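Notes follow the structure.
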Amino acid sequence: MKVKKYVAKTMPEAMNRIRKELGSDAVILNSKEITKGGFLGFFRKKEIEVVAALDPQPLPAKKSTHRTHVPSTNKTRQNEKPKDQDVLQEIQNLKKILQVQTKAENQKFAPVYQVAYNHLIDQEVNEEIAAELVQSLVNANENESENPDFDTIMHFLQSGIEARLDQIGDYGIRYKEKVMQFVGPTGVGKTTTIAKVAAKMMFEDQKKVAFITTDTYRIAAVEQLKTYARILNVPLEVAYTAEDYYHSIEKFSSFDVILVDTAGRNFRDRRYINELKSMMDMDKVYTHLVLSLTSKPKDMEDIFNQFQQLPVHSVIFTKQDETGQYGSILNIVLGKRIGITCITNGQDVPEDLMKATPENISKLLAGDHGEA
């Protein structure tokens, strides 16, 4: 698509120039009134600035106005878009590039790459990680005669994100230790997440699962896990002391996996981490840190740093359905060099559990880029 800016005294004059240079099939992307010249704010002249575009390969004209009725079907592919929607999306992408061009003094990259960088920043990706990803795209295309279009850049970006995540290579549920504890601050959804993970272990991996809860600070938390245990037909023990905990471990020695629900407390309180350490032998426990994607990126990093004293072996991201920013996934996984167990995206057990693959994560971050 060819895009050009015109400045004229009047709109008819601008339209005549556009028709003469781009032809009658050109479309107007944007128009606004500007002022030029003058001295100390006086005698300034008003003119019209128009941005027009021409698609060298426009959609073919319809041969007939007659419409053939096509029965609706549920088998229509979700990724299939009407052609006019594709054109609208391309125009929206061009507008993004034009907006970047008007702010050239703050650009790190050429306009089409800058739009990709801005997209990552809007997703709350760390500036350094975002710059590295986009610079890799620039380097990969430096020998090309012209820059790729926006859609191509975003597809390259998805591939770049996947490649970086593949370097970590530790995704999904790992059965490295029989005892798995779930830790994290209040309100991240640890108990519901445990139920989802247990259901997957039982129904997909055919594992024999047992529950232990050390969250005796909140009666509601114990009752919630008891409800899940009853529904899943999983035995549950409540551990008030370290002695109770080790007795429960011994009791469930014949089980494949023991999932431990810990108390959700203020992560800034160091006593909480010390209590966890004193309760169990950390060398024989696989620790999942549960983080909410609705948290601020800085808070999420602080949470990770605090719990890393345990240490943390994998992370679980919750509440994916409650936010539109997923940059913290990259910030934690790439910044801390740690894998992901899973991502949850709702309250339903066991349905709302997403596989944490590089492909799924890249789609969250760069897949739906057409929205205005």
Flag for residue 159 being out of contact with any His (no Cβ under 9 Å at 6 or more places or on another chain), open to solvent by 50 Å² or more (accessible area, probe 1.4 Å) and in contact (Cβ under 8 Å) with a residue 60 or more places away in the chain = yes
Determine if segment 221-229 includes at least one residue that is open to solvent by less than 70 Å² (accessible area, probe 1.4 Å) and outside any helix (DSSP H, G or I).
-> no
Scan (1) open to solvent by 50 Å² or more (accessible area, probe 1.4 Å); (2) farther than 23 Å from residue 317 by Cβ; (3) assigned to a helix (DSSP H, G or I) for the single condition residue 253 breaks and write down its number.
-> (3)
All but one of (1) at pLDDT 95 or above; (2) surrounded by 18 or more Cβ atoms within 10 Å (Cβ to Cβ) hold for residue 208; which doesn't?
-> (2)
Extreme residue, nearest to residue 49 (Cα to Cα), among residues of segment 1-23 that are open to solvent by 70 Å² or more (accessible area, probe 1.4 Å), in contact with an Asp or Glu (Cβ under 8 Å, 6 or more places away or on another chain) and modelled with pLDDT of 80 or more | 5
When only residues in segment 164-184 that are open to solvent by 10 Å² or more (accessible area, probe 1.4 Å) and not charged (D, E, K, R) count, which is farthest from residue 338 (Cα to Cα)?
-> 179
Any chance segment 299-313 includes a residue that's at pLDDT 90 or above and under 11 Å from the mean Cα position of the chain (by Cα)?
-> no
Could you grab the pairs with beta carbons closer than 9 Å, sequence gap of 6+ or different chains, first residue in segment 12-29 and more than 19 Å from residue 47 (Cβ to Cβ) and in contact (Cβ under 8 Å) with a residue 24 or more places away in the chain, second one open to solvent by 70 Å² or more (accessible area, probe 1.4 Å) and assigned to a loop (DSSP other than H, G, I, E, B)?
-> 25/58
Considering only segment 256-286, state which residues are open to solvent by 40 Å² or more (accessible area, probe 1.4 Å) and either of a type in the set (Ser, Thr, Tyr) or assigned to a helix (DSSP H, G or I) (or both).
-> 270, 271, 274, 275, 277, 278, 283, 284
For residue 347: the one exception among (1) of a type outside the set (Gly, Ala, Ser); (2) within 12 Å of the chain's Cα centre (by Cα); (3) farther than 22 Å from residue 174 by Cβ = (2)
Flagged in segment 240-290 as among the hydroxyl-bearing types (Ser, Thr, Tyr) and at pLDDT 90 or above, in numbering order, are 245, 246, 248, 253, 254, 286, 287
Based on what the data block shows, is residue 310 part of a loop (DSSP other than H, G, I, E, B) and in contact with a strand residue (DSSP E or B) (Cβ under 8 Å, 6 or more places away or on another chain)?
-> yes
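The values are calculated or read from the model by the stated rules, or taken from the named source; none is laboratory data. Nothing here was measured: the structure is a model prediction, and the numbers come from that model. Don't worry about glycine lacking a Cβ; one is built from the backbone with ideal geometry, like all the others, and counts go over all protein chains shown. Please note that ligands, DNA and RNA were not included when accessible areas were found on the heavy atoms of the full protein model with its side chains. Shrake-Rupley method; radii C 1.70, N 1.55, O 1.52, S 1.80 Å.
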